[in-house]
Amino acid sequence: MGMRKVAVIGAGMTKFVRRALETPKELSWEAAKMALDSCELTMDDVDGVCFGTAPDAFDGVHMNGEYCSDGAGAWNKPFMRSFVGGGTGVFVPIQGWYHVASGLFDVVLVVAEEKMSSYYPHAQAAFLTIFDHTTERPLKPNLLWIFALEMNRYMTTYGIPKEDIARVSVQHKRNAANHPCALLGEPNITVEDVLNSEVLAWPVQRFDVSPVSDGAVALVLAAEHVAKRLTDKPVWIEGVGWHLDTAYWTNRDLAYPRYVEYAARMAYEMAGIKEPRKEIHIAEPYDPFDYKVLHHLEGLQLAERGKAVELYLSGAAAPDGDLPICPSGGLLGVGNPIAAAGLMKVAELFWQLRGEAGARQVPGQPKRGLAQAWGDLMQVGTVVVMGR
Amino acid sequence: MNKEVAIVGVGWSGFRPSTSEVSYKELMYEAAVRAYADAGVDPRRDIESFVTVAEDFIEGTSIFDEYVPDQLGAALKSVQTITGDGLHGLATGYMLIRTGMFDLVAIEGHSKASNIQTLDSIVGYAQDPVLNRPLRLNTHFVAGLEMQRYLYDSGATIEHCAAVVVKNRRNALKNPLASYPANLTPEDVMHGPPLAWPLGRLETATPVDGSVVMVLASGKKAAELTDKPIWILGTGWCNGPASLESREWGTLPYVGKAAQMAYRQAGIGDPWNEVDFAEIDDTYAYRELQSLEALGMCSFGEAGELLMQGVFDANGEFPVNVSGGSLGVGHLLEGTGLHRALEAVLQLRGEAGAHQIEGAQIGLAQSWRGVPTTSAAVAIFGN
């Protein structure tokens, strides 16, 4: 197709914490500066900025993108903020990709920031306003209930026991123990710990869920001719995909995320991937809840329907397995500052594919990785495939 | 890569102060159906990607993008929302097609302002929560300050600003989409109710309801679909300093940067002579003068005098806001940039009816995201 190649050449990330003292602008700049420093660039080298943050309700700031713009580096520069709910974190690098692939930009800074702690006492209440104002909000739904419905549906459809699903949480929290930015790394956590944690909305228990967090992540994207000049180890964006399903989530098959499948197929087609299970070496599927990983692995065609949990039971999903899943520790372990958490997954692929992931580095020099996020009313899938 | 991108279909609905008979979804649906019919495409079969512009607080829904796909025919398709002006959305569609991955993209922008009871106080939440919001000032005070500084620096006068209102609302008399056409005198404007001195209420655009949808196509696809494509020749956008304390108040350097980006793509070196007409920001009357100067149409402090000479009139040398602008048509909130782009498309197709500019070949649209932002976008179109 003669498409312009786009590389990731730098990445930076703040610690993910429960209550950051920094303002959203400061968090954004901290990550942006780290990403720029990592590839020895300054803001003068950046042509434009793409920014992601989830609902304005968290910060109580209207046009939150405009408010954060200078913190994200957009001072007298083209700036755009995209949003697809929880899928935003993996969408912002897609937005950066099309900025560069369009030929209008050579170097783009991609920043995702989330500060959920501003919403007091708990960000969960902000989610009431994501529901339909007429048909759903009067019921005062809580996000946990909705996911409890979906988790129950998934378990029931395929007959998967809770103790198997808990393996996901255990694996990710253990992986996160090696991540210097992680909020909930637990090297010794066990399945019993998960099963004995507080019940929030059956079958969802506290350790099935990722924590509310604050944090920011940034990437530097560059066109091929710039990337080759600046680094010996560019990581190419080989495929991108995103799909948004109907807003009427109550009509949806809750056992299978078709929107994730469509997004994945779009990315695979662009990347020329025919057999994802063989051609993807490392995966960072979205894991705000442990069952969601299984759901998403099936949508991504990395496991057959109802069979994703076997990757965990067989050890294939472990960092030294044949398909390491969320070696970063994922949202369950590193934390879930929504938009930033998605971009953290893409940053993790960047570090893993360059062999720079430190104690988390998976063996076998992976060549190709996939990151995916999901969000809105169980509605959107965003997928990025990267390779070296 | 697709180098060429054209607008092959436009549709709109609303353009009235209140549309109580329809929901925002129905408003969007009406505009979308018209745009798809205009382009001769089926959204389910043909359109590959969709872009909406919206802001959560204005919609009254968090992560509003959830509620976009169904009424656009976009469910289970590639859809994204940009928190920007309609022209940011248009630029997004332009980029998507240029990548070579898409041939047909739909862009939507809308306003259901009549659902909002307290627009000014919602916009007040855009002020810096630490430094500015505790002052509890009405959001228009930023515009009042900016107008005062502009008048002081440029030598433009209150009469010049009033003349912008008179011109735009008179232009609106010939535009059936306009909600606020009027024959006013400069005295009517200057003696109207004050808003944030020296800014008057009549110098401020009033929100209206409406939706605009556009179908964008690659050059190859456009040739299959239409014999009068309107080409997007360039797009540009820019943010200046976000905080009130660190910005330039008399001039609009971010509008200038956005314009330079668009001119560079369009190969325009002398906008005054190469562009035939412009639909630009007149959210507040003084902004039209400030924007003309930032766009490089004249030098700083010159726009007011040129306006008084009739240069920017509908039949003048360089028609500006011949549609009536936001002062005459009403302000479509995030959808405003697409209203300006719609006017440019209709003019370049020769379909503008009573307010048609004869022989127009190149048009420019420019938007600003309103107080307290320094976010602007520009697009240039040709037939």
- [ ] Taking H placed 1.01 Å from N in the peptide plane, check which residues at least 5 places from A:Arg368 or on another chain put their amide H under 5 Å from its amide H.
- [x] A:His281, A:Ile282
Task: Descending principal axes extents, the range A:68-108, alpha-carbon based, whole Å - done: 28, 25, 10
TODO: Would you pull out the residues with amide H under 5 Å of B:Arg16's amide H, same chain only if 5 or more places away, H placed 1.01 Å from N?
DONE: B:Asp209
Open item on the list: Regarding the range A:219-339, what's the average projected area of the Cα-atom convex hull, expressed in nm²?
Closed with: 9.2 nm²
Task: Bins of 5 Å, starting at 0 and running to the largest distance - Cα pair percent for the range A:137-208 - done: 3, 16, 22, 21, 17, 12, 6, 3, 0
- [ ] Give the residue from B:Thr283, B:Asn273, B:Thr251 lying farthest towards the positive end of the charge dipole for the range B:231-302; charges sit on Cβ (+1 for Lys and Arg, -1 for Asp and Glu) and the dipole is referred to the Cα centre.
- [x] B:Thr251
Open item on the list: Skipping prolines and chain starts, which residues have an amide H placed within reach, meaning under 5 Å, of the one on A:Met378, given they are 5 or more residues away or on another chain?
Closed with: none
TODO: Measure nothing fancy, just the Cα-based angle from helix B:141-154's long axis to the longest principal axis of chain B, in degrees from 0 to 90, nearest 10.
DONE: 70 degrees
Task: Value at 222 nm in deg cm²/dmol, rounded to 500, when DSSP H runs of n ≥ 4 in chain B each add -39,500 (n - 2.57) - done: -10000 deg cm²/dmol
Open item on the list: As a test of the definition: which semi-axes, in Å, follow for the protein assembly as shown when you take the square root of five times each eigenvalue of its alpha carbon gyration tensor? Largest first, please.
Closed with: 45, 25, 24
Task: Relative contact order for the range A:41-161, counting Cα pairs under 8 Å that sit 6 or more residues apart, in percent - done: 28 percent
Task: Zone of A:Gln124's modelled label, taken as backbone nitrogen in the range A:204-240 under 13 Å from a point 7 Å along Cα→Cβ - done: A:204-212
Open item on the list: So if I average 1/r over every pair of distinct C-alpha atoms in chain B and take the inverse, what Kirkwood radius in Å does that give?
Closed with: 20.5 Å
- [ ] Enter the buried accessible area of the B/A pair, total of both sides, probe 1.4 Å, in Å² rounded to the nearest 100.
- [x] 5300 Å²
- [ ] Please name which of A:Gly159, A:Ser169, A:Ile130 has its Cα lying farthest along the dipole of the range A:124-184 towards the positive end, using unit charges on Cβ (Lys, Arg +1; Asp, Glu -1) and the Cα centre as origin.
- [x] A:Ser169
Task: FRET efficiency for B:Glu245 and B:Tyr152, using Cβ-Cβ distance with R0 set to 22 Å, rounded to 0.05 - done: 0.75
- [ ] Report, to two decimal places, the Cα Rg of chain A normalised by 2.2 N^0.38 Å (N = number of residues).
- [x] 0.90
- [ ] Can you tell me how much longer the chain between A:Trp145 and A:Glu304 gets when fully stretched, taken as 0.36 nm per residue apart minus their C-alpha distance, in nm with one decimal?
- [x] 54.6 nm
Task: Overall Cα dimensions of the range A:1-51 - principal axes, largest extent first, Å - done: 46, 24, 17
TODO: For the range A:290-388, restrict the atom set to alpha-carbon positions and state the Rg and Dmax in Å.
DONE: 13.0, 38
Task: Relative contact order for the range A:195-262, counting Cα pairs under 8 Å that sit 6 or more residues apart, in percent - done: 17 percent
Task: Other protein chain Cβ atoms within 10 Å, averaged over every residue that makes up A:81-87 - done: 6
Task: Helix axis angle, B:336-349 relative to chain B longest principal axis, alpha carbon, degrees - done: 70 degrees
Open item on the list: Given contacts defined as C-alpha pairs under 8 Å and at least six residues apart, what's the relative contact order of chain A, whole-number percent?
Closed with: 26 percent
Open item on the list: So if I take the centroid of the Cα atoms in the range A:325-370 and the same for the range B:304-346, what is the distance between those two points in Å?
Closed with: 50 Å
Task: Fully extended contour minus Cα-Cα distance, from B:Met308 to B:Met190, at 0.36 nm per residue - done: 40.9 nm
- [ ] Rounded, prolate or oblate: pick one for the range A:172-249, where a ≥ b ≥ c are the square roots of the eigenvalues of its C-alpha gyration tensor, a/c under 1.5 means rounded, and failing that, prolate if a/b is larger than b/c, else oblate.
- [x] oblate
Task: Whether the range B:77-231 is rounded, prolate or oblate, judged on the alpha carbon gyration tensor where a/c under 1.5 counts as rounded - done: prolate
Open item on the list: I need the semi-axes of the equivalent ellipsoid of the range B:247-302: take the C-alpha gyration tensor, multiply each eigenvalue by 5, square-root it, list largest first in whole angstrom.
Closed with: 19, 13, 10
Task: Bridge type composition, chain B - antiparallel percent by DSSP, nearest 5 - done: 70 percent
Open item on the list: Give me the percent of accessible area attributable to carbon and sulfur for the range B:63-177, probe 1.4 angstrom.
Closed with: 54 percent
Task: Whole-Å distance, taken between Cα centres, linking the range A:115-183 and the range B:1-57 - done: 34 Å
Open item on the list: Compute the helix-to-body angle for B:24-39: its Cα long axis versus the longest principal axis of chain B, expressed 0 to 90° and rounded to tens.
Closed with: 60 degrees
Task: Inverse mean reciprocal Cα-Cα distance (Kirkwood Rh) of the range B:1-89, Å - done: 14.2 Å
TODO: Starting from the Cα-Cα distance between B:Lys228 and B:Ser299, subtract it from 0.36 nm times their residue separation and give me the gain in nm to one decimal.
DONE: 22.1 nm
Open item on the list: Checking a compactness column here: for the range B:208-357, what do you get for Rg(Cα) / (2.2 N^0.38 Å), N being the number of residues?
Closed with: 1.09
TODO: Could you pull out which residues in the range B:107-147 have an amide N less than 14 Å from a spot 7 Å beyond the Cα of B:Arg201, following the Cα-Cβ vector?
DONE: none
TODO: Kindly write out, for the range A:365-374 in residue order, the coupling ³J(HN,Hα) from the Karplus curve 6.51 cos²θ - 1.76 cosθ + 1.60 (θ = phi - 60°), rounded to whole Hz, with x marking Gly and Pro.
DONE: 6, x, 9, 9, x, 9, 10, 9, 9, 8
Open item on the list: Taking every DSSP beta bridge with both residues inside the range B:263-383, roughly what % is antiparallel (nearest 5)?
Closed with: 65 percent
Task: Binned Cα-Cα distances of the range A:88-166, short to long, each 10 Å bin given as a whole percent - done: 14, 23, 26, 26, 10, 0
Open item on the list: Let me check I have the definition right: for the range A:21-153, take the eigenvalues of the Cα gyration tensor, multiply each by 5, take square roots. What are those semi-axes in whole Å, largest first?
Closed with: 32, 17, 13
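The values are calculated or read from the model by the stated rules, or taken from the named source; none is laboratory data. Remember, it's a predicted structure, so these values are computed and weren't measured experimentally. Because the Cβ atoms are built from the backbone with ideal geometry, glycine has one as well, and the counts that use them run over all protein chains shown. Surface areas here come from the heavy atoms of the whole protein model, side chains and all, with no ligands, DNA or RNA. Shrake-Rupley method; radii C 1.70, N 1.55, O 1.52, S 1.80 Å.
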